[in-house]
1. Name the residues in region A:7-35 that are in a helix (DSSP H, G or I) and touching a strand residue (DSSP E or B) at 6+ places or on another chain (Cβ under 8 Å), would you?
2. So, A:G137, is that one within 20 Å of A:F197 (Cβ to Cβ) and surrounded by 20 or more Cβ atoms within 10 Å (Cβ to Cβ) or not?
3. Collect the residues in region A:232-270 that are touching a residue at least 60 places away in the same chain (Cβ under 8 Å), farther than 18 Å from A:M75 by Cβ and either part of a loop (DSSP other than H, G, I, E, B) or acidic (D, E) (or both), keeping them in residue-number order.
4. Starting from residues that are in contact with a helix residue (DSSP H, G or I) (Cβ under 7 Å, 6 or more places away or on another chain) and assigned to a loop (DSSP other than H, G, I, E, B), keep the ones in region A:284-295 and report whichever is surrounded by the most Cβ atoms within 10 Å (Cβ to Cβ).
5. What number goes with the only condition from (1) buried (at least 20 other Cβ atoms within 10 Å of the Cβ); (2) of a type in the set (S, T, N, Q); (3) more than 30 Å from A:Q248 (Cβ to Cβ) that A:Q86 does not pass?
6. When region B:155-164 is examined, which residues are found to be outside any helix (DSSP H, G or I) and either surrounded by 13 or more Cβ atoms within 10 Å (Cβ to Cβ) or touching a Lys or Arg at 6+ places or on another chain (Cβ under 8 Å) (or both)?
7. Name the residue that is nearest to the other protein chains (Cβ to nearest Cβ), counting only residues in region A:53-69 that are part of a helix (DSSP H, G or I) and surrounded by fewer than 20 Cβ atoms within 10 Å (Cβ to Cβ).
8. Take the residues in region A:271-295 that are in contact (Cβ under 8 Å) with a residue 12 or more places away in the chain and of a type in the set (G, A, S), then tell me which one is farthest from the other protein chains (Cβ to nearest Cβ).
Amino acid sequence: MGKKIEDWLEVRIGLNDLRRTQLLEYRVPKNINLLYTLGFAAMIGYVIQVISGIFLLIYYIPHPGYAFGSVQDIMSKVPYGWLFRQIHIVGGNLLIATVLLHMLTVFLMGNYSRPRELTWVGGGLMLIITFIFGLSGYLLPWSQLSYWATTVVSSIPSAFPIIGDATARIFKGGDQVSGTTLSRFFALHVAILPPIFLFLMGLHVFLIRRIGISATPFGMSDDEKRPLTEFRKKTHTDGHPFYPYFFQKMMFMVMMYGAVMFFAITFLPTLFLPVEANTPADPLKTPSHIKPEWYFLAPYQMLKLIPNKFFGISIQLILIGIFLLWPFLDSQKEKNILKRPVLRGVFFFLLATWIALTFWGRY
Amino acid sequence: MRYLLYLLIAIILVPSIAAAGYREEFEREFLSKPWAGEQVEVDACIGCHSSDTMKQEYRWIVENWKSSWHAQNNISCHDCHGGDPKDAAMSMSPSRGFIGTPKYAEVPDFCGKCHIGILKNYLESGHGKALKASGRGPVCITCHGTHRIDKASIDIINEQTCTKCHSYDRARRMKQALFVVEKKMGDMERDLKTLRSEGIFVDEKERSLFSTQAEFRALFHTVDVSLVSERTDDFTKKLSILDKNMQDTFAELRFRKNFSAFLMLLFAGMGVIIFIYSKLPKE
């Protein structure tokens, strides 16, 4: 049966040729390490989010009167609904952690520099969209936590002069977080962001395959320091075949991703579901002790510390701009961060600040 | 490209520094919400009764109320005494429904505004009849106290309190009649708390337990031992149904834990197999 299907596909799409060119002849650098598989793990993480999200979509009702009840029904009445919701919640947070780690390692290994500027920018945009996914999905359960967290976050644009109030109103669909906000966030979460994200992911994967995987600077020297006058694909003729060498590494990372996710679901089921997440939204009752998700804690704390809020937000936007356009700003030919003390110092200072602000915001 | 970015930074930074100060809505939403610290609600009753200008004999009221069951359930001064806590000048105006301190004989009606079932049973009881006949029978505050009102429990029935008016013998028999159901309700309350901390939405179960508790405790206010004993079976059955439901939820939680632990081990195991396989010598 298997052979028949294979033959059927062979005569139609040239399966063997695909296998040879895309898996066996496609080579990766000899000194490639496990950190290179984080991007693939993140991609699988997105697939998990899509599958679990579609399952939740079947039962979820995007209406203020029913949203909370429908989520509770998913948790208690729908067979294995709890599992899909937990996968979606824990998976979402793990995904953000994986993407952050992926970008961190790409940065540290200098793999953002030419000719991979577009790959970096695409990845950065995907990270921002992932944050917006997190923000928009946060409101959907219509709990006290989600309602009040969104009330605070959606007021941030109003710190801008002239366009601020209008932007905040467009965001919320009015002066308050209401059913209109829920509809907008729902549409954003399930219909507007996914196609944009898919396009960026397609572009990202295409660029990686087209340009070729960058060799890590911690090992052999890189010939990419040559003047960039013509397109030359990095083929790594002396490297390992993608299959099975790198494929096994990727599969190992995916299994670890799953193991960590189910570890959190088993032993820390309420890590992302505090009591306020289990209480229906009440616009008349402001709960205490509500904080944004961990990945927004650092910007939140920074905004609290800077007295001029517009200035605080501007600084953050500038940092995002620098982060996105870094490959264009970094003119040094040396890729290895170990040989660049200034960049290393600034990078670790920013990282330590981000971690410190996150903990400060939490406690 | 770099110069373009520098220009963009300058365009954003210069006006942002110039536009110092807060935007009104941002300040209202971001800085006044709990994210930026505890929210303080204005309450004229609490403000005045806590201030140094208040007579010492009235100042303890706020402290006592703060540790009460009412405070824990957001029942504030105006819920019982009327008035308008948002408007200091009119806070004690009869036109805003201010009642103030009720007379002794009016206490049951004062509390019975909310505790309707209990009031009915109390009025039909020996306690209520004594008040009606002599104006000196026990009222709510005789057993429950004022302001520092604890959560109802059978510990309120004790020799010290009951013997203020009569012998403890009858009260002891009442306490024995109540014990089984009260203990069951106490255990179930603890279980509900555990379920809530495990992320289970228990509002429906809490409502069901609360209504059974209220009904049972209202029954107690008849101070009729034989009636309480007679109805104990009904309440035990009612509670058993709810308890079964809760135990099923606990079993479901155990299943969930085991199932996700199985999936975790499955992924970890497959990871180990892939790792070992990748280390095997290839042809």
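The values are calculated or read from the model by the stated rules, or taken from the named source; none is laboratory data. These figures come from a predicted structure and were not determined experimentally. Methodologically, a virtual Cβ is constructed for each residue, glycine included, from the backbone with ideal geometry; neighbour enumeration extends over all protein chains shown.
1. From region A:7-35, those in a helix (DSSP H, G or I) are A:7-13, A:15-24, A:34-35; that's our starting set.
If the condition is that a residue be in a helix (DSSP H, G or I) and touching a strand residue (DSSP E or B) at 6+ places or on another chain (Cβ under 8 Å), then A:L23, A:L24 are the ones that fit.
2. On the way: within 20 Å of A:F197 (Cβ to Cβ): yes; surrounded by 20 or more Cβ atoms within 10 Å (Cβ to Cβ): yes.
Criteria met by A:G137.
3. Scanning region A:232-270 gives A:T235, A:H236, A:T237, A:D238, A:G239.
4. Going through region A:284-295, the residues in contact with a helix residue (DSSP H, G or I) (Cβ under 7 Å, 6 or more places away or on another chain) turn out to be A:286-295.
With assigned to a loop (DSSP other than H, G, I, E, B) added as a condition, the list becomes A:286-293.
Working: A:T286: 16, A:P287: 17, A:S288: 12, A:H289: 11, A:I290: 20, A:K291: 19, A:P292: 22, A:E293: 18.
The selected residue is A:P292.
5. Single failed check for A:Q86: (3).
6. To start, the set of residues in region B:155-164 that are outside any helix (DSSP H, G or I) comprises B:157-158, B:163-164.
Answer for region B:155-164, where residues must be outside any helix (DSSP H, G or I) and either surrounded by 13 or more Cβ atoms within 10 Å (Cβ to Cβ) or touching a Lys or Arg at 6+ places or on another chain (Cβ under 8 Å) (or both): B:I157, B:N158.
7. Residues of region A:53-69 part of a helix (DSSP H, G or I): A:53-59, A:67-69.
In the following step, the residues that additionally are surrounded by fewer than 20 Cβ atoms within 10 Å (Cβ to Cβ) were identified as A:54-55, A:57-59, A:69.
Numbers: A:I54: 19, A:F55: 16, A:L57: 20, A:I58: 20, A:Y59: 15, A:G69: 9 Å.
Selected residue: A:G69.
8. First pass over region A:271-295, keeping only residues in contact (Cβ under 8 Å) with a residue 12 or more places away in the chain: A:271-274, A:276-283, A:285-287, A:289-295.
Add one more test, that the residue is of a type in the set (G, A, S), and what stays is A:277, A:281.
Values: A:A277: 8, A:A281: 13 Å.
Ranking the candidates gives A:A281 first.
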